[in-house]
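Structure, as structure tokens:
The values are calculated or read from the model by the stated rules, or taken from the named source; none is laboratory data. Just so it is clear, the structure is predicted and the values come from calculations on it, not from any experiment. Virtual Cβ from ideal backbone geometry, glycine too; neighbours counted across all protein chains shown. We work out accessible area using only protein heavy atoms, side chains counted, and drop any ligands, DNA or RNA first. Shrake-Rupley method; radii C 1.70, N 1.55, O 1.52, S 1.80 Å.
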Amino acid sequence: MGSLRAVSDDVRVGCAVDPASLRTDTDYRRTVASEFDAITAENAMKWGRLAADEGAYDFADADDVARFAERHDMYVRGHTLVWHRMYPEWLRPWTRSEAETERLLRDHVQTVAGRYRGCVDAWDVVNEAVADDGGLRETQWLNALGPEYIDRAFEYAAGVSDADLFYNDYGADGLSEKSDEVYDLVADLVAREVPIDGVGLQLHVFEETVPPADVAANVERLTELGLDVHITELDVGIGAAVPDEEAQADYYREVVGAATDAGVDTVVTWGVDDGQSWLPERGFGEAPLLFDESFERKPAYRAVREALGE
């Protein structure tokens, strides 16, 4: 059996990676390099990891991810430029003026997106801006700059990057009130010619499964806006959303098949192996990924291959 990256010429299959594991774990590094043709820095490109001190960026980990991707001819998703979490301690508390806040936003987006121009293929420019109970999430950015902070982030990124620019969110994968909110948000951005190219649907599955037909319908309505759609953070917790490995494999097969049939051309799992997944420590189910803790291929792995038309 060949690797995931060899299954389809039309769909990229990727994973979120940890740079320390890439450097120190031979099995981890080998699995990423041989199996995947897309890569996302799980945390290494987030503001809090890049700039512990104001005005002093440390790009070592992010650069390692980018260099690894270049060596192995991988598509790179940058994650993420503007988020309400994982920002540096020196930004707390938010007592800065509107003008200063805008300068910080502009400088950060331009510094990071500009550095990886020609390397990062797609950026999650704004992450999780829609609240679970409707409307825009109350964040430091919204409080200081109003809803226009989203426009500005995309505009700043477009000015320095040749990457496709994405809005990324969770809980908006199928058809729901939140997915309607996300649709309305990005439709408005498109209508006003804000430079957005796509939407990332995270698809963390740990409470209940999202009907694959609903995922497909959501993808179709987003693509009708002229936007690309990626599945950006896929994982499926056993003992939470699904009861066992067989059911997990069935769901992977169905949801990846439905999404790609509807127009998704990039599917990224949130991690490489079960041993480093974030879900178990949060009580969100066990063994959610395509490889077990020993990097052995699971039934879910074979199911994804089948979904991609093997």
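5 Å is the cut-off here: which amide hydrogens, built 1.01 Å from N in the peptide plane, fall below it relative to Val130, excluding neighbours closer than 5 in sequence?
Placed amide hydrogens put Arg137 under 5 Å from Val130.
What is the extension gain from Asp9 to Arg71, computed as 0.36 nm multiplied by their sequence separation minus the C-alpha to C-alpha distance, in nm to one decimal?
Details: separation 62, 0.36 × 62 = 22.32 nm, distance 1.96 nm.
That works out to 20.4 nm of additional length.
Please give the peptides 77-83, 176-182, 97-103 ranked by average Cβ packing (other Cβ atoms within 10 Å per residue), highest first, as a rough proxy for protection.
77-83, 176-182, 97-103
Rounded to a whole number, what % of the accessible area of the chain do carbon and sulfur atoms account for, probe 1.4 Å? List each step's numbers first, then the result.
Working: 5180 of 12610 Å².
C and S atoms contribute 41 percent here.
Taking R0 as 45 Å, what's the FRET efficiency between Trp278 and Glu193 from their Cβ-Cβ distance, rounded to 0.05? Please list the in-between numbers first.
On the way: r = 36 Å, r/R0 = 0.81.
Rounded to the nearest 0.05, the efficiency is 0.80.
Would you pull out the residues with amide H under 5 Å of Val229's amide H, same chain only if 5 or more places away, H placed 1.01 Å from N?
Those lying under 5 Å, H to H, from Val229 are Val199, Asp265.
Residue by residue through segment 182-187, what is 3J(HN,Hα) from phi via Karplus (6.51 cos²θ - 1.76 cosθ + 1.60, θ = phi - 60°)? Round to whole Hz and write x for glycine and proline.
Here the 3J(HN,Hα) series is 5, 4, 4, 4, 6, 4 Hz.
Specify the inter-centroid distance of segment 132-169 and segment 27-96, based on alpha-carbon positions, in whole Å.
Comparing the Cα centres of segment 132-169 and segment 27-96, I get a distance of 18 Å.
Using the charge dipole of the chain (Lys, Arg: +1 at Cβ; Asp, Glu: -1 at Cβ; taken about the Cα centre), state which of Met86, Ala51, Val125 has its Cα farthest towards the positive end.
Checking the options against the dipole of the chain, the answer is Ala51.
Only Lys, Arg, Asp and Glu count, each charged at its Cβ (+1, +1, -1, -1), so figure out the dipole size of segment 170-270 about its Cα centre, rounded to 20 debye. Walk me through the numbers before you get to the answer.
Values: 4 positive and 23 negative charges, 39 e Å.
With Lys and Arg at +1 and Asp and Glu at -1, about 180 debye.
Could you compute how fast segment 1-72 diffuses translationally, taking Rh as the Kirkwood radius over C-alpha pairs and applying Stokes-Einstein at 20 °C with viscosity 1.002 mPa s? Give it in µm² per second.
Translational diffusion coefficient: 163 µm²/s.
Residue by residue through segment 279-294, which ³J(HN,Hα) values in whole Hz follow from phi under the Karplus form 6.51 cos²θ - 1.76 cosθ + 1.60 (θ = phi - 60°), with glycine and proline marked x?
Each residue's phi maps through the Karplus curve to give 5, x, 5, 8, x, 9, x, 10, 6, x, 10, 8, 10, 7, 5, 9 Hz.
What list of ³J(HN,Hα) values in whole Hz, one per residue of segment 166-180 in order, does the Karplus curve 6.51 cos²θ - 1.76 cosθ + 1.60 (θ = phi - 60°) give from phi, with Gly and Pro shown as x?
10, 9, 10, 7, 9, x, 10, 7, x, 10, 7, 4, 5, 5, 5
Taking only protein heavy atoms and a 1.4 Å probe, what accessible area per residue, in Å², does the chain have with all protein chains in place?
On a per-residue basis, the chain sits at 41 Å².
Looking at Trp141, Thr101, Ala157, which one has the Cα that reaches farthest to the positive end of the dipole of segment 1-159 (charges on Cβ: Lys, Arg +1; Asp, Glu -1)?
So the residue we want is Ala157.
Taking every eigenvalue of the Cα gyration tensor of segment 155-310, multiplying by 5 and rooting it, what semi-axes result, largest first, whole Å?
Each semi-axis is √(5λ); the values are 28, 16, 15 Å.
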